[in-house]
Amino acid sequence: MRLTGKVWKFGDNIDTDVIIPARHLTTFDSRELARHCMEDKDPSFAQKVKPGDIIVAGRNFGCGSSREHAPIALKGCGLSCVVARSFARIFFRNAFNMGLLIFECPEVVDAVEEGDTIEIDVASGKISIAGKGLSFAAQPIPPFMQELLRDGGLIPHIMKRMKR
Amino acid sequence: MGMTITEKILAQGAGLAEVKPGQLIEVQIEMALGNDITAPLSIDIVRSAGVKSVFDREKIALVPDHFVPNKDIKAATQVKILRDFAKEFGIVNYFELGEMGIEHALLPEKGMVLPGDIVIGADSHTCTYGALGAFATGVGSTDLAAAMITGKVWLKVPESIKFIFHGKRPPFVYGKDLILYTIGQIGVDGALYRAMEFTGEAIDNLPMADRFTMANMAIEAGGKNGIIAPDKATEAYVRGRSQRKHRFYASDKDATYVETIEYDVSKIEPQVAFPHLPSNTRGISGVGDVPIDQAVIGSCTNGRLEDLEVAAHVLRGRKVASHVRLIVIPATPWIYRQAMHQGLFDIFLEAGGIISPPTCGPCLGGHMGILAKGERAIATTNRNFVGRMGHPESEVYLANPAVTAASAVLGRIGGPEELGVMSKD
């Protein structure tokens, strides 16, 4: 699978209160959560973002609360992927468990600018910046996570194992 | 090769003689926890999977604590999802209003988490229980759903960082200050994916309430878990709360740590974390003139009886500054009643404060004390991210209960010594 999308760039320590403020957590409906995604950072983000767009961020993306509403809101906006220098661990788990693609690749974070278009080869983790002739190798997705992605997330994975 | 306390508990849970950092394991859990924000999604997932029973009706805790007493219709609907599920699936540990307290204060108080347990919770502050010598970590709603079905969770064995706290704490320096100082030193991702093991003389002498505060905020340094080896204080805390067997684990002398960090606590002063990261800390002497509009004493971090006692000690016979709103939130009904019997409520009320029922409430900008644009709060809570307590242009400063109470009186951030209060220690 190859993803191509326009980049929205964010800095370090983008916390889950910023991704989806707690005042909106009285629902887990993805469309409703998507409407408020990143609103305390950029109130118009949810209107501007287009399906297939990609977030590129700094260190410790998704730190703070365990709310799975954060990857749900990002996915609900149509974002296809988040590339970051590093991810907070609960966000990392949640993303794979619910099927949001994420990659760790510090080099891309350094090289890319907002508005650039990047292309990601999901299987190999190769990330290219269109028009800049640059490509980088992201951290490979660990084998267990690949298994989760193949099965469609944690729940289909455990249900498959339980049937076995 | 020796193992750390975290590795030993995880090895036991995985049915293995030994585990190593980086190893992916599946462990049996003793308790799985969810609240009114995270559990509705888990319940939806469990129902959609078509399963008709959970792995163990007694090992799941559903605690509606975040937006309770129900702040609006949507919050009420979320809690009803928990209540209906608990009835239908026979979940024993569902806590209705009146029994409900802030989850991470409530579960230890009820003896539902014990030393040596493996606990996961769909709440990032689940790491609190590491204070009991348990392995406890936060997960998301899908993980909780999977755990409710199977009783198991997959984990990568974390590397451990050993923190050694030497020396004796100065007056008005508490567990909160040690952990804020630590986060200030290593940063909000300084312990990313790692176990934070708190050791040393100052930890040996630390009361349980302070140990809970420290383990609670391990997540604020990115840690997978915070843990303190159980001792006599742990035993005294656990005694009488549960009949269930539990086990004290301790790190081997030749255990491997990715890093060892040592602090002399006698040189640490009360800490204040400035907006908008818990790592943005300063000693109280370096705060300067920071006027406040609100002071919040409560949360899973500092809403225990000992915290209220400290606040009351500072507030006794004093008045909150005229423009400041003081909100005190006992974390559980037991703490609430105990504080009332001890006369702490009289002190808070006479000072001009107000007492909220147990709830996470303002800590995450839910209700019971939301900030307007440009307003500033000092709080004993755990996060000061942008918009955490209300408007995106409001500010939260994190501190211990003594500093928070003193600041309420001063009308600006300051320590109890400015008021001439003597420490009880």
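Values quoted throughout were computed directly from the atomic coordinates according to the rules given, and no laboratory measurement underlies them. As the structure is a prediction and not an experimental result, all values here were calculated from the model. Ideal geometry is used to build each Cβ from the backbone, glycine not excepted, and the neighbour counts take in all protein chains shown.
Per-structure values
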{"quantity": "Net length gained if the chain between B:Leu24 and B:His341 were fully extended (0.36 nm per residue, minus Cα distance)", "calculated": "109.2 nm"}
{"quantity": "Where the Cα pairs of region B:273-419 fall when distances are cut into 5 Å bins, in %", "calculated": "2, 12, 23, 25, 21, 12, 5, 1"}
{"quantity": "For chain B, built as a Gaussian network whose Cα springs stay under 10 Å, the top-fluctuating residue of B:Lys156, B:Lys71, B:Lys253", "calculated": "B:Lys253"}
{"quantity": "Cβ-placed point charges (K, R +1; D, E -1), dipole of region B:273-419 about Cα centre in debye, nearest 20", "calculated": "180"}
{"quantity": "Sites A:Asp29 and B:Lys267 - FRET efficiency at Förster radius 56 Å, r taken between beta-carbons, to 0.05", "calculated": "0.65"}
{"quantity": "Dipole of the protein assembly as shown [Lys/Arg +1, Asp/Glu -1 at C-beta], most positive-end residue of A:Thr117, B:Ser423, B:Gly222", "calculated": "A:Thr117"}
{"quantity": "Whole-Hz ³J(HN,Hα) from phi, Karplus 6.51 cos²θ - 1.76 cosθ + 1.60, for region B:339-354, glycine and proline x", "calculated": "4, 5, 4, 7, x, 5, 4, 4, 5, 5, 5, 5, 6, x, x, 10"}
{"quantity": "Dipole of region A:1-109 [Lys/Arg +1, Asp/Glu -1 at C-beta], most positive-end residue of A:Ser65, A:His36, A:Thr26", "calculated": "A:His36"}
{"quantity": "Lys, Arg +1 and Asp, Glu -1 on Cβ, resulting dipole of chain A about Cα centre, debye, nearest 20", "calculated": "680"}
{"quantity": "Karplus 3J(HN,Hα) series, Hz, for region B:403-414 with 6.51 cos²θ - 1.76 cosθ + 1.60 (x for Gly, Pro)", "calculated": "5, 5, 5, 4, 5, 4, 6, 6, x, 8, 6, x"}
{"quantity": "Tensor-based shape of region A:88-160 (alpha-carbon gyration tensor, a/c under 1.5 rounded, otherwise prolate or oblate)", "calculated": "prolate"}
{"quantity": "Sequence-distant residues sharing a close amide H with B:Ile261 (under 5 Å, placed H)", "calculated": "B:Lys162, B:Phe163, B:Ile164"}
{"quantity": "Once exposed loop GluC sites (Glu not before Pro) are cut out (DSSP; at most 15 other Cβ, 10 Å), longest piece of chain B", "calculated": "B:100-392"}
{"quantity": "Cα shape, chain B, gyration tensor, a/c 1.5 rule", "calculated": "oblate"}
{"quantity": "Per-residue [θ]222 nm for chain B (sum of -39500 (n - 2.57) over DSSP H runs n ≥ 4, rounded to 500)", "calculated": "-8500 deg cm²/dmol"}
{"quantity": "Of B:Thr77, B:Thr380, B:Thr234, the one that fluctuates the most in a GNM where chain B has Cα springs shorter than 10 Å", "calculated": "B:Thr77"}
{"quantity": "Within-12-Å neighbourhood charge of B:Pro291 [Cβ basis; K, R +1; D, E -1]", "calculated": "-2"}
{"quantity": "Nonlocal amide H pairs with A:Val83, under 5 Å, H built at 1.01 Å", "calculated": "A:Ile55, A:Val56, A:Ala57, A:Phe103"}
{"quantity": "Where GluC sites (Glu not before Pro) in DSSP loops with at most 15 other Cβ within 10 Å are excluded, longest remaining stretch of chain A", "calculated": "A:1-112"}
{"quantity": "Charge dipole (debye, nearest 20) of region B:5-263; +1 at Cβ of Lys and Arg, -1 at Cβ of Asp and Glu", "calculated": "480"}
{"quantity": "Residue-wise HN-Hα coupling along region A:118-126, computed from phi with Karplus coefficients 6.51, -1.76, 1.60 (Hz; x: Gly, Pro)", "calculated": "10, 10, 10, 8, 5, 5, 8, x, 7"}
{"quantity": "Inter-probe distance in nm under a simple model that places probes 7 Å from Cα toward Cβ, at B:Leu349 and B:Arg316", "calculated": "1.9"}
{"quantity": "Choice from B:Pro40, B:Pro21, B:Pro362 with maximal GNM fluctuation in chain B (Cα, 10 Å cutoff)", "calculated": "B:Pro21"}
{"quantity": "Cα gyration tensor shape for region B:125-224, rounded if a/c is under 1.5, else prolate or oblate", "calculated": "prolate"}
{"quantity": "Expected-Rg normalisation [2.2 N^0.38 Å, Cα atoms] applied to region A:55-105", "calculated": "0.97"}
{"quantity": "Average beta carbon contacts from partner chains per residue of B:142-155, 10 Å cutoff", "calculated": "4"}
{"quantity": "Relative contact order [Cα under 8 Å, 6+ residues apart], chain B, whole percent", "calculated": "17"}
{"quantity": "Amide H partners (placed H, <5 Å) of B:Val396, local residues excluded", "calculated": "B:Ala377"}
{"quantity": "When the convex hull of its Cα atoms is projected in every direction, mean area for the protein assembly as shown (nm²)", "calculated": "25.1"}
{"quantity": "Which of B:Thr199, A:Thr27, A:Thr4, B:Thr332 has the fewest Cβ neighbours within 10 Å, and the rest in rising order", "calculated": "A:Thr4, A:Thr27, B:Thr199, B:Thr332"}
